[in-house]
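Structure first, commentary second.
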Amino acid sequence: MADRVTYTMQNSRHNYASLQEVTEVDDEPKVLVHTAETSRTRWNHIEDLDSFLKRVYEYHQGHGFMCILLQEIFDFIQFIFIIFFSTILVYGIEYPILFKDKPLKNNATKVTLSDVIKSPHEIIQNISFWAWVILTVALFYGLGKVIRSTLQSKHFYDMKQFYNTALKIEDKNLDNLTWHDIQKKVILVQTEQSMCVHKRELTELDIYHRILRQRNYFIAMVNKSLIPPRFNLPFLGEIVYWTQGLQYNVKMLLFQSPWGPFKDSWHLREEYRKVSLKNELAQTLKNSILWLALINVIFCPLIFMWQLVYIIFENAEIVRREPNHLSVRHWSPYGRMYLSHFNELDHELNTRLMRAHRLATRYLAAFTDPLGAVIARYIGFMAGAILAVIIFLTIYDEDVLGVEHLLSIVSILGVIVAICRSLIPDETIPWCPDTLLSNVLAHTHYLPHGWKGQAHTTRIRTGFQQLFQLRSTGIIEELLSPVLTPLLLAFYLAPRSQDIVNFFYNFTVSVTGVGDVCSFAQMDIRKHGNPEWHDTTDTGMGDIRQPDQYTQGEEGKVELSLIHFTHTNPSWKPPPEAQSFVDSVHVQGSVLATSMPDHFSTMPDRLDDSSLRFSSRLESDNMSMSMHRSRIEGPSDSSARDMSFSTKYLHDRHNRLYEQGRVRVNVQENTPLLFNH
């Protein structure tokens, strides 16, 4: 019997090979299984269900196979274009001839492209040794991208078969279905074909756990102030630094390297479950971080040059066309992590933040600098006057454009006027920062601690600006990332290796049919809830020991995540001990909605995707970020509104406790991360 089971499992691992005729024993009836591969047997017992479900989600968000394939192709073409075009600009242009500092051959008077662009032979001869080194590294990186894209395309072609055969959904119908429609079909297929061998039925939470396993750990570490790095700088105060480059390194270290805590995508290494090995693991992890920092130092020049070229090519034309492009704000990488719920998919987070984008802009626009406004008003007037005269003269006689450097002057004046206009306050925005920030809270669901009644202060405004930063600030941080990332790895993350080991030891639980997940992502308010955010007498948990400061989520993260998940997945049933809390919040939110029915419907919450145009590199999931199209958070449009009222109720209740002196102050900064449970 054991041999038969082993045989069956081996078949399932080799591309879903067809089953052979099996003779049952032990009083079981004989079963004849078809040898031909069918849609019913092809998806049985998927070994890496995490990757499979991630591709199911990415396939839906990526709008089908052709869109994903074109995305991969054009991404590679863009890479080749940047390398080729940069080489031509550096080694292939006769700039003295272009700028007329050198006479043309044969005393010609007209400059042609053949005069300016060198021949391929000349370009190759002019390339320096270090440039060849860079091009060689780029070649190998490009080959890696080709291999990766080929494998990705193969996986997504298999996913196309899964959608077409198992889910019975054609690509042309994908945009007519929400993720919740797809998820229902996946749950149904599990009951029919047993994709997960360890569990007969998958729940919505099981699917979210597998897709967001790594992200949930990141959210928990941000919530417990383990990451990102924080510094107190003179004149600037507390600075939070978290970029795409730093996030990529931490993610690779913890989840994708052979020296990280996870031995595969769904199982924590056994050593991390043993108290006696904590110090040894911390030292090993510290050494790995230092080696990773050294690798970053070696490749720092290449990464910096790539970042610089990419950002210039991406933003130069937009800045010329829209000079205020760099003064527009977007949600920072840290802001996206801080504002994320546990078990919240990318499209759900994007929809929330896009709704809050315009409201957040209005809140920060309410703060003005009177001195700066006076200076900007007069400088803008003078620059605008000069620009207007030049434009008028150009209309009168186009030969004016032939004046040396005139176009440069026009471009600079346009940028000055745009910057000055952005510094002049909008007089139509009323001075009511508490109301404006309350409107932002309706969609972000989280804000810095103690914001109630303090939204007009510099402390709250500065803290909010770190979540909602200027695009120019984000560009500068990304440019500095190749230099600062190895320093932060060596001098900030490496000394906290013991904290990281303790975190994975204390906050990892095994879930049947899912594997090892962050315990905070279970949204268990008995274990990780904060008493300041729920009433134990109302939830029937008064006789249960409440979590201490170390084990509880901060700023209502567990409670708000639980409520958000029930709103976006109404068919999911929380455990009985949490059901009373959920029902209570839903009831109170409904009462609040009845008492103020037009509160959120009148707010300017138009979906605005400008916060997502900065770069898909700001988010680890490039697939979802590349498609600038919003999908509703839950199965209905009303779920977001209901969540807004639930959020308002929970924050109002917490603020009442705060005013009564029953809430701790500055909890997040005092969390004892080195405490061993």
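The values are calculated or read from the model by the stated rules, or taken from the named source; none is laboratory data. These numbers come from a predicted model, not from an experiment. Virtual Cβ from ideal backbone geometry, glycine too; neighbours counted across all protein chains shown. Accessible surface is based on the protein model in full, side chains and every heavy atom, while ligands, DNA and RNA are left aside. Shrake-Rupley method; radii C 1.70, N 1.55, O 1.52, S 1.80 Å.
Residues are listed down the side, and each one gets a yes or a no for (1) closer than 25 Å to M337 by Cα; (2) assigned to a helix (DSSP H, G or I):
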position: A418; (1), (2): no, yes
position: P425; (1), (2): no, no
position: W431; (1), (2): no, no
position: A442; (1), (2): yes, yes
position: P448; (1), (2): yes, no
position: A455; (1), (2): yes, no
- [ ] All but one of (1) closer than 17 Å to P323 by Cα; (2) at pLDDT below 90; (3) surrounded by 14 or more Cβ atoms within 10 Å (Cβ to Cβ) hold for V400, so report the exception by its number.
- [x] (1)
Task: Test result for A366, surrounded by 19 or more Cβ atoms within 10 Å (Cβ to Cβ) and closer than 19 Å to D426 by Cα - done: yes
TODO: Scan region 282-305 for residues that are within 26 Å of the chain's Cα centre (by Cα) and among the small types (G, A, S) and jot them down.
DONE: S288, A293
Task: Checklist (1) surrounded by 16 or more Cβ atoms within 10 Å (Cβ to Cβ); (2) within 26 Å of the chain's Cα centre (by Cα) applied to F162, failing item - done: (2)
Open item on the list: Condition (residue is assigned to a helix (DSSP H, G or I) and modelled with pLDDT under 90) applied to region 490-506: is it met by at least one residue?
Closed with: no
Open item on the list: All but one of (1) in contact with an Asp or Glu (Cβ under 6 Å, 6 or more places away or on another chain); (2) modelled with pLDDT of 90 or more hold for I97; state the number of the condition that does not hold.
Closed with: (2)
Open item on the list: Checking the conditions here, which among I412, I395 is of a type in the set (V, I, T) and under 38 Å from the mean Cα position of the chain (by Cα)?
Closed with: I412
Open item on the list: Looking at the structure I just gave you, is G553 buried (at least 17 other Cβ atoms within 10 Å of the Cβ), closer than 20 Å to Y446 by Cα and at pLDDT 90 or above?
Closed with: yes
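Quick one: would you say S194 is closer than 27 Å to H60 by Cβ and touching a residue at least 24 places away in the same chain (Cβ under 8 Å)? Before you say what the answer is, go through the steps one by one.
Working: closer than 27 Å to H60 by Cβ: yes; touching a residue at least 24 places away in the same chain (Cβ under 8 Å): yes.
Yes, satisfied.
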- [ ] Among the numbered conditions (1) open to solvent by 90 Å² or more (accessible area, probe 1.4 Å); (2) closer than 30 Å to G463 by Cα; (3) among the aromatic types (F, W, Y); (4) part of a helix (DSSP H, G or I), tell me where W291 comes up short.
- [x] (2)
Open item on the list: Can you find a residue that is under 21 Å from F520 (Cα atoms), without any contact (Cβ under 8 Å) to a residue 60 or more places away in the chain, out of contact with any Ser or Thr (no Cβ under 7 Å at 6 or more places or on another chain) and of a type outside the set (D, E) anywhere in region 236-255?
Closed with: yes
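Let's see how each residue does on (1) open to solvent by less than 10 Å² (accessible area, probe 1.4 Å); (2) farther than 16 Å from N569 by Cα; (3) part of a strand (DSSP E or B):
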position	(1), (2), (3)
Q214	no, yes, no
I219	yes, yes, no
V222	yes, yes, no
E238	no, yes, yes
Task: Matching option when the condition is assigned to a helix (DSSP H, G or I), within 25 Å of C518 (Cα to Cα) and of a type in the set (S, T, Y), among Y208, Y163 - done: Y208
Open item on the list: So, in region 254-288, how many residues would count as being open to solvent by less than 60 Å² (accessible area, probe 1.4 Å) and not hydroxyl-bearing (S, T, Y)?
Closed with: 14
Open item on the list: From the list V137, V189, exactly one residue is assigned to a helix (DSSP H, G or I) and within 30 Å of I207 (Cβ to Cβ). Which is it?
Closed with: V189
Open item on the list: Contact list please: Cβ distance under 8 Å, first residue in region 478-505 and small (G, A, S), second residue outside any helix (DSSP H, G or I), pairs at least six apart or on different chains.
Closed with: S481/T243
- [ ] For T435, indicate whether it is surrounded by fewer than 20 Cβ atoms within 10 Å (Cβ to Cβ), in contact with a Gly (Cβ under 7 Å, 6 or more places away or on another chain) and under 30 Å from R656 (Cα atoms).
- [x] no
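Out of the residues in region 86-110 that are touching a residue at least 24 places away in the same chain (Cβ under 8 Å) and either open to solvent by 100 Å² or more (accessible area, probe 1.4 Å) or not in a loop (DSSP other than H, G, I, E, B) (or both), which is nearest to N126 (Cα to Cα)?
Y91
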Task: Filtered residues of region 457-489 (kept if among the aliphatic types (A, V, I, L, M), more than 30 Å from L277 (Cα to Cα), part of a helix (DSSP H, G or I) and open to solvent by 10 Å² or more (accessible area, probe 1.4 Å)) - done: I475, I476, L479, L480, V483, L484
- [ ] Kindly establish whether L387 is part of a helix (DSSP H, G or I), at pLDDT 85 or above, of a type in the set (A, V, I, L, M, F, W, C) and in contact with a strand residue (DSSP E or B) (Cβ under 8 Å, 6 or more places away or on another chain).
- [x] no
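In this structure, does I419 turn out to be open to solvent by 70 Å² or more (accessible area, probe 1.4 Å), modelled with pLDDT under 90 and closer than 26 Å to D369 by Cα?
When the stated conditions are applied, I419 passes them.
Kindly establish whether S149 is open to solvent by less than 100 Å² (accessible area, probe 1.4 Å), more than 25 Å from L302 (Cα to Cα), in a helix (DSSP H, G or I) and out of contact with any Cys (no Cβ under 7 Å at 6 or more places or on another chain). Reasoning before the result, please.
On the way: open to solvent by less than 100 Å² (accessible area, probe 1.4 Å): yes; more than 25 Å from L302 (Cα to Cα): no; in a helix (DSSP H, G or I): yes; out of contact with any Cys (no Cβ under 7 Å at 6 or more places or on another chain): yes.
It is false that S149 is open to solvent by less than 100 Å² (accessible area, probe 1.4 Å), more than 25 Å from L302 (Cα to Cα), in a helix (DSSP H, G or I) and out of contact with any Cys (no Cβ under 7 Å at 6 or more places or on another chain).
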Task: Count of residues meeting criterion [in contact with a helix residue (DSSP H, G or I) (Cβ under 7 Å, 6 or more places away or on another chain) and at pLDDT below 75] in region 531-550 - done: 7
- [ ] Look at region 488-508 and say how many of its residues are of a type in the set (A, V, I, L, M, F, W, C) and more than 23 Å from the chain's Cα centre (by Cα).
- [x] 4
- [ ] For region 216-246, enumerate the residues that are within 22 Å of Y446 (Cα to Cα), small (G, A, S) and within 17 Å of the chain's Cα centre (by Cα).
- [x] A220
